[in-house]
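Please read the structure below before turning to the comments.
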Amino acid sequence: MKRFSIGKLTLPVYSVLAIAFMLIPIVYTIVFSFNNSNRGNTTWKGFTFDKWLGVCNRPDVCDALGNSLLIGGVSTLIATILGTALAIGLVRYKFKARALVNLALFLPMATPEVVLGAGLAGLFFNLSFAPGLLTVIIAHVMFCLSFVVVTVKARVQTLDPVLEEAGRDLYANPNQVFWKITFPLLLPGIVSAALLAFSLSFDDFIITYFNSGEVTTFPKFIYVAAARGVPAEANVIASAVFLATILLVLIVQINGAIKRKRMLKNK
Amino acid sequence: MAFAAFGNSSATEHKGPTKSGGIVLALLMPGLIYLGLFFFTPLFSLIITSLEAPAETGGIGEYVYAFNVENYSYVVQNYLPQIIRSFYYATVATVAALLISYPLAYFIGVKLRNRPLLKSLMLTLVIAPFFISFLLRTIAWKSIFSDGGAVMQLVYNLGLMKPSEHFLGSDFAVIFGLTYNFIPFMTLPLYTTLERFDVRLLEAGADLYANPYKVFTKVTLPITTPGIISGTLLVFIPIAGDYVNASRDFLGSAKTSMIGTMVESDFLQNWDYPSASALSVLLMAVIVILVATYVRSAGTEDLL
């Protein structure tokens, strides 16, 4: 048995405290979704389920949520298709301009949002293209694209080309090879890329603010409302999205961890 | 690790089919054309707009191209405090995020190596903030640190601050919010490098009579440098361009305005597109230079 020492406890205790610190505002946001508040939501006025049961009593909150879901869905779909193609092309084929393509994909991730937002808005303005849903979707696809490429690329790199060769040896045509072998093997990577793209789009504020015109998304609603006080209904939506996502991630993570644990045991 | 995922190509590559240029083009072109249209064209358009001058016959918000370099000296003169503040906030918050994240990433990546369930749980909690609006989380801190709140009452009673002083609206509050919001972006790349870190090297160091401090600076730190670099870039760049935390409706005040604050007000409220563009181009230029020198001096050329 190991000797007990305070030194050994420092790191675990620190880590738990650090995580607890990260969770404070999350817990606060969820708790205040149950606040029986009228205007503003800064002081505790008592517990109620009303805000959860009647989120759309604030139609502006619900509209903003609807816009965010629509923008997130469409942007994710387009960015995932374009990004997956790019990732496959980059890993599987050798060509001279690869370094240049890598740099071109890296740059959008290294550019501050305010520059991306102002740049696109300036372009749309110069072209007299009115900002709205379409311009927001164009912007979101643009900044999600590189993140999709990075995520899918990691998956393509772990893929053994021998499997595709085997398919070709068995007289599968290129179409069949892709849909029966490559795509199913890449799917976990594509799904995580899509989830990442959706969460980036759903939570984006700065780029959206520059390119949305009259359209309000959920983050934009909160930013504008922050001046007068954010209604508890916004907390309800954020909390619901959070709880659903965290549940999904936990199920996936614990599933994977249990599988790994079994593999460790069987060794 | 987003940044390292690019570049270091040849090492892990498979020898796939290399012929068929047609397929490559079909795979790459749609995405690249998209980036060309909606990333590179806007950057170019920013540079053009940053050189415009007010149209003589036009009204507010109308400008014509005039190679007007004075826009740059104008924004440097007028927005110098915001420029300095942005990079000051970004530096302090990045260092703070690194110091807070490193032990945490070390614990998850090294100490929990043989506890997959606990490790997954901790990792999930590290990324948990991503799943709830960062604006609402920042507003939560604002409420927690409001003058009448319990936290500030404690601070005042302990004499840490005078009752006449406020936490909200101070440099410290903005740096606090920025640090908080970007900690996961630091923890994740650090975790990725620490997870692959061979702990036997620590024993080797100890066997050679190095004390724990020396083992850390001579072994652990150099090996985890790639993680530190990608984490630093992932945190520093967005912070330098952020203006939400510094906004007076969030944790800041009129005295904490940043570059982003000025770009937003010039662009969306004052319709002063040339100034907003010049400031954006400056920010972008400084960041490109910083990234290039940082990467070069740290010796990880293959990062880009």
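The values are calculated or read from the model by the stated rules, or taken from the named source; none is laboratory data. In this text the structure is predicted, and so the values were computed from the model without any measurement. Counting neighbours? That spans all protein chains shown, and the Cβs are built from the backbone with ideal geometry, glycine included.
When segment A:43-68 is limited to residues that are touching a Ser or Thr at 6+ places or on another chain (Cβ under 8 Å), of a type outside the set (D, E) and in a helix (DSSP H, G or I), the one that is surrounded by the fewest Cβ atoms within 10 Å (Cβ to Cβ) turns out to be A:W52.
Of all the residues in segment B:260-287, those that are among the hydroxyl-bearing types (S, T, Y) and within 15 Å of the chain's Cα centre (by Cα) number 0. Looking only at segment B:93-106, decide whether some residue is of a type outside the set (D, E, K, R) and closer than 30 Å to A:L100 by Cα. Yes; the residues of segment B:93-106 include at least one that is of a type outside the set (D, E, K, R) and closer than 30 Å to A:L100 by Cα. For segment A:144-197, filtered to residues that are hydroxyl-bearing (S, T, Y) and over 27 Å from A:A244 (Cα atoms), the residue that is modelled with the lowest pLDDT is A:T158.
A search for C-beta distances below 8 Å between a residue of segment B:51-62 that is in a loop (DSSP other than H, G, I, E, B) and any residue that is of a type in the set (S, T, N, Q) and surrounded by 14 or more Cβ atoms within 10 Å (Cβ to Cβ), counting only pairs 6+ apart in sequence or on different chains, returns B:L51/B:N68; B:L51/B:N71. Counting only helices (runs of 4 or more DSSP H) that fall entirely inside segment A:206-267 and contain at least 2 residues that are facing chain B (nearest Cβ under 7 Å) and at pLDDT below 90, the qualifying elements are A:232-266. When B:T192 is tested against (1) buried (at least 18 other Cβ atoms within 10 Å of the Cβ); (2) modelled with pLDDT of 90 or more; (3) out of contact with any Phe, Trp or Tyr (no Cβ under 9 Å at 6 or more places or on another chain), just one condition goes unmet, and that condition is (2). So in segment A:75-97, with the set limited to residues that are at the interface with another protein chain (Cβ under 7 Å from one of its Cβ atoms) and free of Cβ contacts under 8 Å to residues at least 40 places away in the same chain, which one is surrounded by the fewest Cβ atoms within 10 Å (Cβ to Cβ)? By that ranking, first place goes to A:F95.
Can we say A:A130 is among the small types (G, A, S) and either within 24 Å of A:S239 (Cβ to Cβ) or surrounded by 19 or more Cβ atoms within 10 Å (Cβ to Cβ) (or both)? No.
Filtering segment A:170-202 to residues that are outside any helix (DSSP H, G or I) and among the polar types (S, T, N, Q) leaves only A:N173. Inspect segment B:96-115 for any residue being facing chain A (nearest Cβ under 8 Å), more than 28 Å from B:V219 (Cβ to Cβ) and surrounded by fewer than 21 Cβ atoms within 10 Å (Cβ to Cβ) and give the result as yes or no. Taking every residue of segment B:96-115 in turn, none turns out to be facing chain A (nearest Cβ under 8 Å), more than 28 Å from B:V219 (Cβ to Cβ) and surrounded by fewer than 21 Cβ atoms within 10 Å (Cβ to Cβ). Hey, could you check segment B:211-231 for residues that are closer than 28 Å to B:V286 by Cα and in contact with a helix residue (DSSP H, G or I) (Cβ under 6 Å, 6 or more places away or on another chain) and say which is nearest to the other protein chains (Cβ to nearest Cβ)? Result: B:S230.
Filter segment B:59-82 for residues that are within 25 Å of B:F172 (Cα to Cα) and surrounded by 20 or more Cβ atoms within 10 Å (Cβ to Cβ) and give the result. Matches in segment B:59-82: B:Y79, B:Q82.
B:P274 meets each of the listed conditions (1) more than 8 Å from chain A (Cβ to nearest Cβ); (2) modelled with pLDDT of 95 or more apart from (2). Scanning segment A:136-158 for residues that are more than 24 Å from A:A64 (Cβ to Cβ) and small (G, A, S), we see that the one that is nearest to the other protein chains (Cβ to nearest Cβ) is A:A154. Just to be sure, is A:L100 farther than 18 Å from A:V136 by Cα, in contact (Cβ under 8 Å) with a residue 24 or more places away in the chain and not acidic (D, E)? The answer is no for A:L100. Hey, could you check segment B:221-259 for residues that are over 13 Å from the mean Cα position of the chain (by Cα) and of a type in the set (G, A, S) and say which is surrounded by the fewest Cβ atoms within 10 Å (Cβ to Cβ)? Looking at residues that are over 13 Å from the mean Cα position of the chain (by Cα) and of a type in the set (G, A, S), I get B:A254.
In segment A:15-25, is there at least one residue being within 14 Å of chain B (Cβ to nearest Cβ), surrounded by fewer than 16 Cβ atoms within 10 Å (Cβ to Cβ), without any contact (Cβ under 8 Å) to a residue 60 or more places away in the chain and under 21 Å from B:D249 (Cβ atoms)? Yes; the residues of segment A:15-25 include at least one that is within 14 Å of chain B (Cβ to nearest Cβ), surrounded by fewer than 16 Cβ atoms within 10 Å (Cβ to Cβ), without any contact (Cβ under 8 Å) to a residue 60 or more places away in the chain and under 21 Å from B:D249 (Cβ atoms).
The set of residues in segment B:131-151 being at pLDDT 90 or above, among the hydrophobic types (A, V, I, L, M, F, W, C) and in a helix (DSSP H, G or I) consists of B:F131, B:F134, B:L135, B:L136, B:I139, B:A140, B:W141, B:I144. Of the residues contained in segment B:6-22, one or more are found to be modelled with pLDDT under 85, within 11 Å of chain A (Cβ to nearest Cβ), part of a helix (DSSP H, G or I) and surrounded by 14 or more Cβ atoms within 10 Å (Cβ to Cβ). Based on what the data block shows, is B:G177 part of a helix (DSSP H, G or I) and of a type in the set (G, A, S)? Answer is yes for this residue. Answer yes or no: is there a residue in segment B:169-176 that is crowded, with 16+ Cβ neighbours inside 10 Å, closer than 17 Å to B:F107 by Cβ and modelled with pLDDT of 90 or more. Looking through segment B:169-176, none of the residues is crowded, with 16+ Cβ neighbours inside 10 Å, closer than 17 Å to B:F107 by Cβ and modelled with pLDDT of 90 or more.
Scanning segment A:98-132 for residues that are more than 7 Å from chain B (Cβ to nearest Cβ) and either outside any helix (DSSP H, G or I) or out of contact with any helix residue (DSSP H, G or I) (no Cβ under 9 Å at 6 or more places or on another chain) (or both) yields A:L100, A:L127, A:S128, A:F129, A:A130, A:P131, A:G132.
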